[in-house]
Amino acid sequence: MRLNIRHETVYRYATPANRAIEVLRLLPRGHNGQYIAAWRIDVDSDCRLDQTTDAFGNLMHEFSLDGPIEELTIVAEGSVETVDTAGVLAGQVERFPPILYLRDTALTASDPMIRDFADEVAGEASGDRLGLMHALMEAIGERMTFEVEATNTGTSATEAFALGHGVCQDFAHVFIAACRHLGIPARYASGYMLNLEAPQKQTAGHAWAEVLIEDLGWVGFDPPNGQCPTDAYVRLAIGLDYLGAAPIRGIVFGGGGESLSVQVDIRPDARSPGR
């Protein structure tokens, strides 16, 4: 299906900032499950967007902006053709050996609670690694509750698991922490997801985990929705955790009273067959 996406981020400062440096991972890469039909990134201030690629192969844009800055708007929008691959990722070059994705980070380190939880699921699951991952995804969905604004971007997997609730980022971090404890390479993926039942504007993008499965390669798992990514998903970037795949990261010098507004509008194109 063809998805039309508009992602708007607006920063406002009660006291104007002196300077801003931003890194954007807002340009999706094509693979066997998605083709980028059209895409553009706009910044409402006079600056130059320099495109580069990070160590994971994510497409990045960087810019700096001198103040005074009272408001900064960043818009990424375009159209993406998607195909349902049952969550299996193919058609991209892998830059690192799988062992890298066993490395813990501050956001994905496990603790005794997560390790005991993962061991219990693994002990009860039957079959191969794919079956175990589906069992783990279901168990996390039962153990945790999705709750908007319950956590923040600095919340770790251990904190979210102890709380028992969080957003998609937290579910992904817990899933990754459990996988790495079990010796299974796992990584974080950022992107978008269309709600097929009620397409509407959202206040954030989406995130899920990807796991290396024998004979399949990398496969996505989305614990809060209890499914592998379908043609309703658009993949932006990957990393060891949220910090490595965040759509926007930056630093601001001076200023004060920052407020952030995010609006994501994702809808199926009227010309999409069967939609």
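The values are calculated or read from the model by the stated rules, or taken from the named source; none is laboratory data. Given the structure is predicted, the values throughout are model-derived calculations rather than measurements. Cβ atoms come from the backbone with ideal geometry, glycine included; neighbour counts cover every protein chain shown.
Residues that are touching a residue at least 40 places away in the same chain (Cβ under 8 Å), closer than 17 Å to Asp116 by Cβ and not β-branched (Val, Ile, Thr) within region 157-172 comprise Ala157, Phe161, Ala162, listed in sequence order. Taken over region 7-34, the criterion of being surrounded by fewer than 19 Cβ atoms within 10 Å (Cβ to Cβ), under 18 Å from the mean Cα position of the chain (by Cα) and part of a strand (DSSP E or B) is satisfied by Glu8, Val23, His31. For region 52-74, the count of residues that are surrounded by 18 or more Cβ atoms within 10 Å (Cβ to Cβ), charged (D, E, K, R) and in contact with a Pro (Cβ under 8 Å, 6 or more places away or on another chain) is zero. Cβ separations smaller than 6 Å between residues 6+ apart or across chains give the following pairs from region 1-20 residues that are farther than 19 Å from Ala37 by Cα to residues that are charged (D, E, K, R) and loosely packed, with under 15 Cβ neighbours inside 10 Å: Arg12/Glu71; Tyr13/Glu70; Tyr13/Glu258; Pro16/Glu70; Arg19/Asp66.
What about Ser272, is it among the polar types (S, T, N, Q), surrounded by fewer than 19 Cβ atoms within 10 Å (Cβ to Cβ) and modelled with pLDDT under 90? Judged against the criteria, Ser272 is a match.
If you go through region 59-113 and pick out every residue that is under 18 Å from the mean Cα position of the chain (by Cα), in a strand (DSSP E or B) and of a type in the set (D, E, K, R), you end up with 1.
Of all residues in region 141-157, those that are outside any helix (DSSP H, G or I) and among the charged types (D, E, K, R) total 2.
For region 36-58, filtered to residues that are part of a strand (DSSP E or B) and touching a residue at least 40 places away in the same chain (Cβ under 8 Å), the residue that is nearest to Glu8 (Cα to Cα) is Trp39. From the list Val252, Val262, the one residue that fits, being modelled with pLDDT under 95, surrounded by fewer than 19 Cβ atoms within 10 Å (Cβ to Cβ), outside any loop (DSSP other than H, G, I, E, B) and β-branched (Val, Ile, Thr), is Val262.
Taking Ala125 as the residue in question, decide whether it is closer than 27 Å to Gly30 by Cβ and modelled with pLDDT under 95. Even if it seems obvious, please write down each step before you answer.
On the way: closer than 27 Å to Gly30 by Cβ: no; modelled with pLDDT under 95: yes.
Considered against the rule, which asks whether it is closer than 27 Å to Gly30 by Cβ and modelled with pLDDT under 95, Ala125 comes out as no.
Considering only residues of region 140-177 that are of a type in the set (A, V, I, L, M, F, W, C) and closer than 10 Å to Pro224 by Cα, which is surrounded by the fewest Cβ atoms within 10 Å (Cβ to Cβ)? Walk me through how you get there before you give the answer.
We begin by selecting, within region 140-177, every residue of a type in the set (A, V, I, L, M, F, W, C); these are 140, 144, 146, 148, 150, 157, 160-163, 167-168, 171-172, 174-177.
The next check asks that each one be closer than 10 Å to Pro224 by Cα; those that pass are 140, 144, 146, 167-168, 171-172.
Values: Ile140: 25, Met144: 21, Phe146: 15, Val167: 21, Cys168: 21, Phe171: 29, Ala172: 33.
Within region 140-177, the match that is surrounded by the fewest Cβ atoms within 10 Å (Cβ to Cβ) is Phe146.
Residue check: Leu212 meets all listed conditions (1) touching a residue at least 60 places away in the same chain (Cβ under 8 Å); (2) in a helix (DSSP H, G or I) but one, namely (2).
If you go through region 103-121 and keep only what is buried (at least 17 other Cβ atoms within 10 Å of the Cβ) and either at pLDDT below 95 or farther than 14 Å from Glu159 by Cα (or both), you end up with Phe117, Ala118, Val121.
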